[in-house]
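Structure first, then comments.
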Amino acid sequence: MSEILDTPLGRVALETSGALVKEVHLGARGRPAPPRPTTPLARDLSRYFSGEPVKFDDYEVDLTGYTEFQRRVYDATRAIPPGEVRTYGEIAAAIGKPGASRAVGNALGRNPACIVIPCHRVVAANGGLGGFTSGLRWKRDLLRLEGADAL
C-alpha cells in the first residue's frame, strides 16, 4: 500500500506490503495526502514527526536485492538510539570492516526506508553532517527533532 504523509518537515511517501516496509522516501511529491494515516507505519511516522518517541524496531524492511554488507550496515544503523549519532567509520568498525567508511556511506545512500533505518544518525568524522540522499536540510531537521547534539 502506498501512502503520502504531510509532516511539519515536508511530505513523506511510504510503501508497505502487509507488515513489510518497502520504502520510506522524504520530500515526496504527487497526490494529496489522506486526512488521516491509514497504515500502522504511517501512524507511527505521524507520531514521530509530532515529536513523540517512536520505536521502529519491529518493522521489517524489504532488503531483497541488497548485499550482505548493506544489510549489516543497516542493522548497525538501526541500533543507533534516537538523539545519538555515529560516524561512518564507527559503523564500519561495528560491522568488522574498519576503513570501509566510504562503502558505509554508499550503502546508506541506497537505504530504502529512511527513519525506519535511521541513516540520518550517521555523520562525518570531522563533525559535519556528511551526505544525505534527501538533502542536508532533512538530515539536520530530523536530528533536531530527535534532540541530537551533533548539528
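The values are calculated or read from the model by the stated rules, or taken from the named source; none is laboratory data. Since the model is a prediction, treat every value here as computed from it, not as a measurement. Reconstructed Cβ throughout: ideal geometry from the backbone, glycine too, with neighbour counts over all protein chains shown. Note: accessible area is taken over every heavy atom of the protein model, side chains too, but ligands, DNA and RNA are not part of it. Shrake-Rupley method; radii C 1.70, N 1.55, O 1.52, S 1.80 Å.
Yes or no, residue by residue, for (1) over 13 Å from the mean Cα position of the chain (by Cα); (2) on the phi > 0 side of the Ramachandran plot; (3) open to solvent by less than 30 Å² (accessible area, probe 1.4 Å):
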position: 51; (1), (2), (3): yes, yes, no
position: 80; (1), (2), (3): no, no, yes
position: 98; (1), (2), (3): yes, no, no
position: 101; (1), (2), (3): yes, no, no
position: 104; (1), (2), (3): yes, no, yes
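Pick from the range 1-19 the residues that are without any contact (Cβ under 8 Å) to a residue 24 or more places away in the chain and either over 16 Å from the mean Cα position of the chain (by Cα) or open to solvent by 40 Å² or more (accessible area, probe 1.4 Å) (or both): which of them is farthest from residue 111 (Cα to Cα)? Before the answer, list the steps.
Filtering the range 1-19 down to residues without any contact (Cβ under 8 Å) to a residue 24 or more places away in the chain leaves 2, 11, 13, 15, 18.
Cutting the leftovers down to either over 16 Å from the mean Cα position of the chain (by Cα) or open to solvent by 40 Å² or more (accessible area, probe 1.4 Å) (or both) gives us 2, 11, 15, 18.
Details: 2: 18, 11: 18, 15: 14, 18: 20 Å.
Step by step, filter the range 1-19, then rank; the result is 18.
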Worksheet item: Within the range 53-74, is even one residue of a type outside the set (Phe, Trp, Tyr), touching a Phe, Trp or Tyr at 6+ places or on another chain (Cβ under 9 Å), open to solvent by 30 Å² or more (accessible area, probe 1.4 Å) and under 23 Å from residue 28 (Cα atoms)?
Response: no
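Only one of 91, 117 is more than 20 Å from residue 21 (Cα to Cα) and either in contact with a helix residue (DSSP H, G or I) (Cβ under 9 Å, 6 or more places away or on another chain) or among the hydroxyl-bearing types (Ser, Thr, Tyr) (or both); which?
Details: 117 fails: more than 20 Å from residue 21 (Cα to Cα).
None of the other options fit; the residue is 91.
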Worksheet item: Does the range 30-48 contain any residue that is of a type outside the set (D, E, K, R), touching a helix residue (DSSP H, G or I) at 6+ places or on another chain (Cβ under 7 Å) and within 30 Å of residue 92 (Cβ to Cβ)?
Response: no
Worksheet item: Looking only at the range 20-41, which residues are open to solvent by 50 Å² or more (accessible area, probe 1.4 Å), under 22 Å from residue 141 (Cα atoms) and under 14 Å from the mean Cα position of the chain (by Cα)?
Response: 23, 25
Worksheet item: For the range 20-120, which fully contained helices (runs of 4 or more DSSP H) count at least 2 residues that are in contact (Cβ under 8 Å) with a residue 40 or more places away in the chain?
Response: 40-49, 68-78
